[in-house]
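Worksheet: one structure, shown below.
The values are calculated or read from the model by the stated rules, or taken from the named source; none is laboratory data. Predicted, not measured: the structure shown is a model, and the values here were computed from it. Neighbour counts are summed over all protein chains in view; Cβ atoms, including those assigned to glycine, are modelled from backbone coordinates with ideal geometry. With ligands, DNA and RNA removed, areas are computed over all heavy atoms of the protein, side chains included. Shrake-Rupley method; radii C 1.70, N 1.55, O 1.52, S 1.80 Å.
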Amino acid sequence: MPGDFCEEEFDAVYRRWYRPLLARAAMVCGALHALASDAVQETFIQCWRRMNDPAAEPVRNWGPWLTKTVIRESIKVCGRYPGAVPLEGAESAAQGPDMAALMDVKEGFHQVCRAIAQLPSRQCEVTALYYLADLPTADIAAMLGIEPSTVRVQLSTARRALAPLSARLKQLGLLDGVEGGERR
């Protein structure tokens, strides 16, 4: 509860949510790990402040609050460094059955993340929350303070903007043939 701050509560939230938030931030930032880490750090700073603010309304479920915050922070961070490019091949060589296929999937993932990051801010937010955070449109609308129909319009507009990638993603098996609609 705000005002009744407990360091153990913050530590528990941090331990529980650090890795999932870093993964979501990395997806939004196009796998630019330094920028994703910055976004996660800023998210936890806001969490700390929120826990210490006696005037703030208590957060009943940290998951959605943190997810929304990390995606917003990721968008802000990526906007500050629009020319940033991930270092390809910086990680050590992985062992797997088909490295060429894995690299194709990785490149497809990077293409999608870069394309999402280039969308207008609201479309980027809605797309990231829907596809990367796996939230239903009603929850996204509540989080962003907009109507569910506005979320659907933003998603539809983003899908049209991302359409040139769909053939490549289907080829890689990253996108099934289902287009549009409400999945939840």
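Numerical summary
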item	result
Set Ala141, Ala128, Ala117, Ala133: member being among the small types (Gly, Ala, Ser) and without any contact (Cβ under 8 Å) to a residue 24 or more places away in the chain	Ala141
Scan of the stretch 15-53 for residues that are in a loop (DSSP other than H, G, I, E, B) and more than 16 Å from Glu125 (Cβ to Cβ), ordered by number	Ala31, Leu32, Asp53
Counted residues, the stretch 10-41 - those being open to solvent by 50 Å² or more (accessible area, probe 1.4 Å), modelled with pLDDT of 90 or more and more than 14 Å from the chain's Cα centre (by Cα)	4
Enumeration of residues in the stretch 132-150 that are in a helix (DSSP H, G or I) and touching a helix residue (DSSP H, G or I) at 6+ places or on another chain (Cβ under 8 Å)	Leu132, Thr137, Ala138, Asp139, Ile140, Ala141, Met143, Leu144, Pro148, Thr150
Residues of the stretch 42-69 classified as modelled with pLDDT of 90 or more, open to solvent by 40 Å² or more (accessible area, probe 1.4 Å) and touching an Asp or Glu at 6+ places or on another chain (Cβ under 7 Å), total	1
Flag if Lys76 is in contact with a helix residue (DSSP H, G or I) (Cβ under 6 Å, 6 or more places away or on another chain), of a type in the set (Lys, Arg) and open to solvent by 30 Å² or more (accessible area, probe 1.4 Å)	no
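Table: residues versus (1) at pLDDT 75 or above; (2) in a loop (DSSP other than H, G, I, E, B); (3) over 24 Å from Leu32 (Cβ atoms).
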| residue | (1), (2), (3) |
| --- | --- |
| Tyr130 | yes, no, no |
| Arg152 | yes, no, yes |
| Ala161 | yes, no, no |
| Gly180 | no, yes, yes |
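Residue-by-condition table, conditions (1) small (Gly, Ala, Ser); (2) closer than 20 Å to Ser74 by Cβ; (3) outside any helix (DSSP H, G or I); (4) at pLDDT 55 or above:
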residue	(1), (2), (3), (4)
Arg114	no, yes, no, yes
Leu165	no, yes, no, yes
Leu169	no, no, no, yes
Gly177	yes, no, yes, no
